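Asker: The structure under discussion is supplied below as structure tokens; questions concerning it will follow.
The values are calculated or read from the model by the stated rules, or taken from the named source; none is laboratory data. All figures in this text were calculated on a predicted structure; none of them were measured in a lab. Note that each Cβ is placed from the backbone with ideal geometry, even for glycine, and that neighbours are counted across all protein chains shown.
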Amino acid sequence: MALSTLRIVWLYPDLLSTYGDRGNLLVLAHRARARGIDVEPMQVRSDQRVPATADMYLIGGGEDGPQAVAAERLLDDGAVIRAAEAGKPILAICAGYQLLGESFYANGRAYAGLNILDLRSDRGPSRAVGEIAGESAPQLGIGPITGFENHGGRTHLGQAVQPLARVTAGVGNDGATEGAWAGHVVGTYMHGPALARNPKLADLLLSWAVGVDPASLPPVDDTWPERLRRERFEALSAAQ
Ligand code: GLN
């Protein structure tokens, strides 16, 4: 592997950390170590500088107030914007996803986002709460996606991003598509945590960080993640 130590930044646990989103860090660390890659997880609070030298950046979900504060601090800091420009993988969940766009709505008004992804978010007619599933973009090779969503915002994609998935259950961006990606930046409404429920997405992010083809990563035992996925998809079809 080109990389001996993978430095993963988990951003702003003091502001953005709902529904076990920190689990994404644990999943990445586990799957990297299983491939013989050392991992240095770095939890960076919102009163700290964001390291410029990490190999991957994770941003979780959060309520409107903390989301607005996080966006302002990340804009001030600038390191995540530069990391995106440098092609570093970024995974952003829900509030983290919205704040990567041009603007988002919180506390009854619009806020500027980091403008890393060509999208903007406003408010929907009701909160989207519950299971979400979808057929992911075939180019990503990650199969059907599964997660849990809880958000009031709706997201409108511009030309420079692709939807992460076509929605088969739940709402996602707007009831038709879910999440977005461009280059090595992925945003999604999936909590759950997303990578525990979508291990192929975890491996895709790892492969981008390490600079290898995802197919060249040695397999890991996915008995439990596969059981979890089956159970979640079955629960959805039973409810329909
Ligand atoms: N505050 C945002 C919304 O309600 C994001 C919520 C979340 O991260 N779960 O749309």
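Asker: Before we move on, is Val171 away from the ligand (no atom under 13 Å from the Cβ) and buried (at least 18 other Cβ atoms within 10 Å of the Cβ)?
Answerer: no
Asker: Just to be sure before I move on: is Glu226 more than 25 Å from Thr18 (Cβ to Cβ) and part of a strand (DSSP E or B) in the structure I sent?
Answerer: no
Asker: Considering only residues that are within 16 Å of the ligand (Cβ to nearest atom) and not in a loop (DSSP other than H, G, I, E, B), which ones fall in the stretch 1-36?
Answerer: The answer is Trp10, Leu11, Gly23, Asn24.
Asker: Another question, then. Quickly run through the stretch 37-58 and pick out the residues that are in contact (Cβ under 8 Å) with a residue 40 or more places away in the chain and either assigned to a loop (DSSP other than H, G, I, E, B) or touching a Cys at 6+ places or on another chain (Cβ under 9 Å) (or both).
Answerer: Hits for the stretch 37-58 are Ile37, Val50, Pro51, Thr53, Ala54, Asp55.
Asker: Residues in the stretch 161-191 that are out of contact with any helix residue (DSSP H, G or I) (no Cβ under 8 Å at 6 or more places or on another chain) and either assigned to a loop (DSSP other than H, G, I, E, B) or at pLDDT below 95 (or both): how many?
Answerer: 8
Asker: Could I ask something else about it? Can you give me the number of residues within the stretch 182-191 that are buried (at least 23 other Cβ atoms within 10 Å of the Cβ) and more than 16 Å from the ligand (Cβ to nearest atom)?
Answerer: 1
Asker: Can you confirm whether Arg154 is farther than 21 Å from Cys94 by Cβ, modelled with pLDDT of 95 or more and among the basic types (Lys, Arg)?
Answerer: The answer is no for Arg154.
Asker: Restricting to the stretch 206-238, what's the tally of residues that are under 20 Å from Gly130 (Cα atoms) and touching a residue at least 40 places away in the same chain (Cβ under 8 Å)?
Answerer: Residues in the stretch 206-238 being under 20 Å from Gly130 (Cα atoms) and touching a residue at least 40 places away in the same chain (Cβ under 8 Å): 5 in total.
Asker: Give the residues of the stretch 69-92 that are in contact with a strand residue (DSSP E or B) (Cβ under 9 Å, 6 or more places away or on another chain), of a type outside the set (A, V, I, L, M) and over 14 Å from Leu205 (Cβ atoms), sorted by residue number.
Answerer: Glu72
Asker: Additional query: Taking the residues in the stretch 88-135 that are away from the ligand (no atom under 14 Å from the Cβ) and part of a loop (DSSP other than H, G, I, E, B) as candidates, determine which candidate is surrounded by the most Cβ atoms within 10 Å (Cβ to Cβ).
Answerer: Restricting to residues being away from the ligand (no atom under 14 Å from the Cβ) and part of a loop (DSSP other than H, G, I, E, B), the top hit is Leu117.
Asker: Another one. Is it the case that the stretch 192-209 has a residue that's assigned to a strand (DSSP E or B), crowded, with 17+ Cβ neighbours inside 10 Å, of a type outside the set (Ser, Thr, Tyr) and within 16 Å of the ligand (Cβ to nearest atom)?
Answerer: no
Asker: Let me ask something additional. Which one is surrounded by the fewest Cβ atoms within 10 Å (Cβ to Cβ) among residues in the stretch 61-87 that are outside any helix (DSSP H, G or I) and either within 17 Å of the chain's Cα centre (by Cα) or within 14 Å of the ligand (Cβ to nearest atom) (or both)?
Answerer: Gly87
Asker: Out of the stretch 136-156, which residues are among the hydrophobic types (A, V, I, L, M, F, W, C), surrounded by fewer than 21 Cβ atoms within 10 Å (Cβ to Cβ) and in a strand (DSSP E or B)?
Answerer: Of everything in the stretch 136-156, just one residue is among the hydrophobic types (A, V, I, L, M, F, W, C), surrounded by fewer than 21 Cβ atoms within 10 Å (Cβ to Cβ) and in a strand (DSSP E or B), namely Phe148.
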